[in-house]
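Heads up: the structure comes next, in C-alpha cells.
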Amino acid sequence: MTFPAYPEVLPLACTATKRRNGDIRMAVAMQKLESAESDRMRAGDPEMANSPDSAAQNLIPMYELKWSHAEKTVARRAFDLALGKELEALLQEAKGRAARIEEPSELWDLESWLTERRREIDRRYDYRYSILPLVFAQLLRDGRLTEDDLHGLGQEKLDLIRRASAISKTARDARDRQMNDA
C-alpha cells in the first residue's frame, strides 16, 4: 500500500496529544491514511473496494472508541506486561553500567542516563484510552507486545493498532533508509 503525501497537516481532533517533544507524527500519518482511504472509497476506487483495508471506512476515530470492562482489563494487562519488560531490561542494563563504574564522575553519567531513560519511558507508556491504540501500536512494532497479548480487544481496536503499527514501521524503515543513504 502506498501512502499519498499531503502538503498540509490535517487537524488531529483529539486523536493524539502533543507531547513535550512535539512528536505527533504517528497520529498525523494515521489521519492522512484514513482520509486518503475514505476519499478513495467515496470515489469508488475498485482497488480499495476489494482491498483488505476496505473495512477502513468502518473505523471509529480513536477518541470515540468505547472500552468495555473486559477490554480495559486486557488493555491494562498488556500495558503492564510491556512496561514490566521495559523496566526489567532497564534494571539489567543499569546494574551492568553501575558495576562498570570506576570514577566518581561516572555516577553522574549513570544518573543522567537513568533520567533520560525515565523520560523516554514516561513518554512511551501513556495509559489514556484516547491514545492507547497508538501506544500499543508502538509497543507492537518495537516487540514489547505481541498480537496474542492484545487478544480480547475488540476488532476495531485491533485493526487500528495493526494499521498504526504498520504505518509506524514503514515510516521508521524509510527514515532508516534515508539515514543509511546519507
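Which order results if K157, K169, K66 are arranged by neighbouring Cβ count within 10 Å, fewest first?
K66, K169, K157
Test of the criteria: in region 97-175, which GluC sites (Glu not before Pro) are in a DSSP loop and have at most 11 other Cβ atoms within 10 angstrom of their Cβ?
Qualifying residues, ordered by number: E102.
Within 10 Å of each residue's Cβ, count the other Cβ atoms and sort D181, D142 from fewest upward.
Lowest to highest Cβ neighbour count: D181, D142.
If you take every residue apart from H69 with its C-beta less than 15 Å away from the C-beta of H69, what net charge results, scoring Lys and Arg +1 and Asp and Glu -1?
It works out to a net charge of +4.
Test of understanding: ordering S168, S130 by Cβ neighbours within 10 Å, fewest first, what list do you get?
Final ranking by Cβ density, sparse to dense: S130, S168.
Any idea what the relative contact order of region 114-170 is, in percent, if you count C-alpha pairs under 8 Å spaced at least 6 apart?
Over region 114-170, the number comes to 37 percent.
On full extension of the chain, what length is gained from L91 through H69, given 0.36 nm per residue of separation minus the C-alpha to C-alpha distance?
The span from L91 to H69 would gain 4.7 nm if fully extended.
Every number here is computed from the coordinates shown, using simple stated rules; none is lab data. Computed from a prediction, not measured in an experiment: that's the story for all the values here. Don't worry about glycine lacking a Cβ; one is built from the backbone with ideal geometry, like all the others, and counts go over all protein chains shown.
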